Amino acid sequence: MELKLAFAGFGNVARSFSRILCEHRSQLATQFGLRWRTTAIATANHGCVLSGGDIDLEEAATCVSGGYSLLGLWRTFDATNTFHLTDNCDADILFETTPLNPINGEPAISIIRRALSRGINVITANKGPLAFGYHEMKALAIHRGVSFRFEGTVMDGTPVFNLAEYCLPAATVTGFYGVLNSTTNFILTGLETGRSFDECLLEARKSGIVEADPEHDIDGWDATVKAVSLANVLMGTDARPRDVERRGIRNLSAEEVRGAAEEGLAIRLVARAEIASGKLMIRVGPERLPRESLLGAIRGTSNVLVLQTDLMGELAVVEYDPGIEQTAYALLADLIRVHEDMLRGRRRGSSRAG
Ligand SMILES: NC(=O)c1ccc[n+]([C@@H]2O[C@H](COP(=O)([O-])OP(=O)(O)OC[C@H]3O[C@@H](n4cnc5c(N)ncnc54)[C@H](OP(=O)(O)O)[C@@H]3O)[C@@H](O)[C@H]2O)c1
């Protein structure tokens, strides 16, 4: 099947995903029967373009990373802004990768709502929509008979949502804890080895893992929004980031982190969720942990999530040293899943017709 792809956001994640798409074009066709072309790309400062044909993704990526506008691309026309593009694009799937807004999840929620309402499948790497509108987005997708997928939002390409959906049938997630933010973990482990906060942050920025606003990482917002997303999707709650008791790593000194290391302890930014007396409690904050413990041993950009379940006990998923390519892979995995869903839908449609 040939899929028409649209992009809302064309930054680090979307461009890395485009590279994978282009490099694996023939594998996708032969292994999955998945062919694709790009009909729309929206950015904030590099233009929003629509095309009736196929936008050259490599050229678009070169253009944006070089700081140029997409408006000059061959056979495209100006879509004015992202909402207009979403309302008018001819697309089967929209990839939403605009920056995280930890206050209300916008404009991602509005973009996704508009796309789903038009019957366009949505794949996002942005956790804002899960923390502020998961149940609405899910219901809208079901109502329109399309998919809403988001594997890359919490642990990049490491399966978390797919793990729970496909590999833990009948099990209930009763709580979780983990180290979920790569930037703060990279800084904390860097401080342990005597490097400065700013040095570590700069290096993390170069690798593309830092949020558009680094304060979202440092003040614990990213981990908070991830924890709320996990709770809403895996535990069925309708929590919001404001419900979380949140502390970041801004007030930790290098001396404190090094002192803990000398005592055999590691300071990690930990997210925890549990149901206590029938009430959901989510906390994010630095914790002093034994260095040899599962969470204390997590270094660099690595992440760990422990799911607590009724039937499977505790299950840990570790993402080892992820980079931007792992998030891009999540978009690819979701794309293949949506393609399978569409093929199944088509087969059901044709067998009903028959
Ligand atoms: N980076 C990671 O490792 C990682 C991992 C997991 C999840 N995520 C999530 O993935 C998303 C994208 O991250 P990123 O690193 O790719 O961010 P990024 O490099 O800052 O790119 C964001 C893109 O969104 C565009 N944009 C901003 N506002 C927009 C709007 N209203 N309409 C259309 N486009 C808009 C920007 O346009 P301009 O370039 O013109 O400003 C840019 O192209 C974020 O939600 C982030 O939380 C990132």
Note, ³J(HN,Hα) from phi for the stretch 298-303, Karplus 6.51, -1.76, 1.60, rounded to Hz, x at Gly and Pro: 6, 10, x, 7, 5, 10
Radius 15 Å from Cβ of ARG37, net charge of other residues (Lys, Arg +1; Asp, Glu -1): -3
Summed side-chain charge close to LEU3 - residues other than LEU3 whose Cβ falls under 13 Å, Lys, Arg +1, Asp, Glu -1: -1
Within the stretch 1-98, percent of DSSP bridges classed antiparallel, to nearest 5: 30 percent
Cα centroid separation, the stretch 5-21 to the stretch 45-77 (Å): 12 Å
Furthest towards positive pole of dipole, PRO99, LEU180, ALA29, structure part the chain, Cβ charges: ALA29
Order by protection proxy (mean Cβ within 10 Å, highest first), peptides 43-49, 308-314, 257-263: 43-49, 257-263, 308-314
In nm, spacing of pseudo-spin labels at LEU168 and HIS135 (7 Å Cα→C-beta vector): 2.0 nm
Computed [θ] at 222 nm, deg cm²/dmol, the chain (DSSP H ≥ 4; -39,500 (n - 2.57); rounded to nearest 500): -12500 deg cm²/dmol
Kirkwood Rh in Å, taken over all unlike Cα pairs in the stretch 28-113: 13.9 Å
Assigned charges on the beta-carbon of Lys, Arg, Asp, Glu; the stretch 245-288 dipole about Cα centre (debye): 280 debye
Cα-only Debye scattering, the stretch 27-69: base-10 log of I(q)/I(0) at q = 0.31 Å⁻¹: -1.07
Length-normalised contact order for the chain - Cα pairs under 8 Å, 6+ apart - percent: 18 percent
For GLY47, residues with placed amide H under 5 Å, excluding near neighbours: LEU70
More than 18 Å apart - percent of Cα-Cα pairs taken over the stretch 132-272: 62 percent
The chain: Cα Rg divided by the 2.2 N^0.38 Å rule of thumb: 1.01
Leading residue at positive end of dipole, the chain (Cβ point charges), from GLY300, ALA239, SER253: ALA239
Assigned charges on the beta-carbon of Lys, Arg, Asp, Glu; the chain dipole about Cα centre (debye): 1160 debye
Check: the stretch 209-351 dipole with +1 on Lys, Arg Cβ and -1 on Asp, Glu Cβ, in debye: 600 debye
Mean Kyte hydropathy of -1.0 or more with a Cα span along the axis of at least 27 Å, helices from DSSP in the chain: 324-353
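What does the highest-first list of 96-105, 271-280 look like by mean Cβ count within 10 Å?
Packing order, densest peptide first, comes out as 96-105, 271-280.
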Span from the the stretch 246-325 Cα centroid across to the the stretch 119-135 one, whole angstrom: 25 Å
Cα-projected label distance for THR193 with GLU340, points at 7 Å along beta-carbon direction, nm: 3.8 nm
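Rule-based calculations on the coordinates, nothing more; no lab input. Just so it is clear, the model here is predicted, and its values are computed rather than measured. Please note: Cβ atoms are built from the backbone with ideal geometry, for glycine as well, and neighbour counts cover all protein chains shown.
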